[in-house]
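What follows is a single structure, written as structure tokens, with notes after it.
Just so you know, all these numbers are worked out from the coordinates, no wet-lab data involved. Quick caveat, the model's predicted, so the values are computed rather than measured. Note that we place each Cβ from the backbone using ideal geometry, even for glycine, and neighbour counts take in every protein chain shown.
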Amino acid sequence: MFPLRTLEHKFNFNQQGCSSCCGESVMPRFKIRGVLLMVAFAVVISLLIASNLFMTYAWYGHLKDLAGQPWYLAVLVSWGIAFFEYLLQVPANRYGDAHGFQLGQLKIIQEVITLAVFVPFSLIYMQRPLSLNFLWAGMCMCGAVYFVFRS
């Protein structure tokens, strides 16, 4: 987002500025970049959470709310709900991609949010019992986050 002018700037700066070529202060640039990255992360997370609320209901809500209806009606209702999911999910991924997130990072963020939305949905809305498998899945997701975001 804020490319450094030369490799010297990348490798030869200290807290006060560039130590080898021009003395330019580079730290404020990195602070701004960090703030913008956090804003981009917050936007992506917010859009994906909202998207997952629609997605989870579209995928599983019909099991409770349309249980007595024909399957094709459940499909049509789910597709209608999924449309709103895509109105949020597609911009989230495009925004994340435009702000330097890797494809794998976007996918893992999506999966972590999916689990974080699904567990309360399953427990509260669908009134299904809590399982230790949710904990194990969450721990696997933590590992996935670590591996996809490590430098």
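Things worth noting here:
- Full-extension gain in nm, residue 103 to residue 147, via 0.36 nm per residue minus C-alpha separation: 14.5 nm
- Length gained when the stretch residue 130-residue 49 is fully extended (0.36 nm per residue, less Cα-Cα span): 27.0 nm
- Full-extension gain in nm, residue 140 to residue 123, via 0.36 nm per residue minus C-alpha separation: 4.1 nm
- Relative to one another, the C-alpha centroids of the stretch 34-59 and the stretch 60-118 are positioned 11 Å apart.
- Cβ-based net charge around residue 121, under 11 Å, with every Lys or Arg adding one and every Asp or Glu removing one: +2
- Fewest neighbouring Cβ atoms within 10 Å first, the residues 111, 85 line up as 111, 85.
- Couplings 3J(HN,Hα) for the stretch 116-124, derived from phi with the Karplus relation 6.51 cos²θ - 1.76 cosθ + 1.60 (θ = phi - 60°), are 5, 7, 5, 4, x, 4, 5, 6, 8 Hz, where x marks Gly and Pro.
- Per-residue 3J(HN,Hα) values for the stretch 59-64, derived from phi via the Karplus relation 6.51 cos²θ - 1.76 cosθ + 1.60 with θ = phi - 60°, read 6, 10, x, 5, 5, 9 Hz in sequence order (x marks Gly and Pro).
- Note on the stretch 50-151: semi-axes of the ellipsoid equivalent to its C-alpha gyration tensor, largest first and rounded to whole Å, are 28, 20, 8.
- Cut-off 17 Å (backbone N to label point 7 Å along Cα→Cβ of residue 63), residues of the stretch 76-113: 78-79
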